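Student: My questions all concern the structure below.
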Amino acid sequence: MNEEARIDKWLWAARIFKTRTIAADACKNGRVAVNGTNVKPSRMVKVGDEVSVRKPPVTFTFRILKAIEQRVGAKLLPEIYENITPQDQYELLEMNRISGFVDRARGTGRPTKKDRRAMDDFVGASMEYFGDFDFDSWDDDDDK
């Protein structure tokens, strides 16, 4: 068995990324570090190295137990790496999940039907609250 493996192949083989292309892109974009240093996809890793993978909002950390380049079944993952991700990262992930805030990046397209209905309900509820109030005739100077 090899003592070393390419980081992009290891990330794919250890099922951290779905495809090797995604793993290589993560390396190129500076989201993968080995022993605290950002790496290129061709970087060789060995047993004992610590790999940090940033998948916003969390940074996962793994200790390599086997340097593999062939994908393995999910049941064999405990033999491949040890998950040493700090607990605060999981708390951050849980807080993000609980918040329920769906962040749609600007420019990603039109609102969905569900989004539009939610906006209509919000506007409708505010119009019921204010009733027939005429905002155009309201003047701040009247309060003084």
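Student: For the cross-link pairs K46/K75; K55/K75; K28/K114, which exceed 26 Å when the distance is taken from alpha carbon to alpha carbon?
Tutor: Over 26 Å Cα-Cα: K28/K114.
Student: Rolling a 1.4 Å sphere over the protein heavy atoms, what is the accessible area per residue of the stretch 1-120, to the nearest Å²?
Tutor: With all protein chains present, the stretch 1-120 gives 69 Å² per residue.
Student: Moving to a separate point now. Looking at the square roots a ≥ b ≥ c of the eigenvalues of the Cα gyration tensor of the stretch 5-50, which shape do they give, rounded for a/c under 1.5, prolate if a/b is larger than b/c, or oblate?
Tutor: Oblate, because a/c is 1.5 or more while a/b does not exceed b/c.
Student: What number do you get for the stretch 32-123 when its Cα radius of gyration is normalised by 2.2 N^0.38 Å, N = residues?
Tutor: Relative to the 2.2 N^0.38 Å estimate, the stretch 32-123 comes out at 1.57.
Student: Put a dot 7 Å past each Cα toward the Cβ at T19 and K46; how far apart are the dots in nm?
Tutor: 3.3 nm
Student: To continue, here is another question. How charged is the neighbourhood of L77? Take every other residue with its Cβ under 12 Å from the Cβ of L77, and add Lys/Arg as +1 and Asp/Glu as -1.
Tutor: With Lys, Arg at +1 and Asp, Glu at -1, the neighbours total +2.
The values are calculated or read from the model by the stated rules, or taken from the named source; none is laboratory data. Remember, it's a predicted structure, so these values are computed and weren't measured experimentally. For neighbour counting, all protein chains shown are included, and Cβ atoms are generated from backbone atoms with ideal geometry for every residue, glycine included. Heads up: the accessible areas ignore ligands, DNA and RNA and are worked out on the full protein's heavy atoms, side chains in. Shrake-Rupley method; radii C 1.70, N 1.55, O 1.52, S 1.80 Å.
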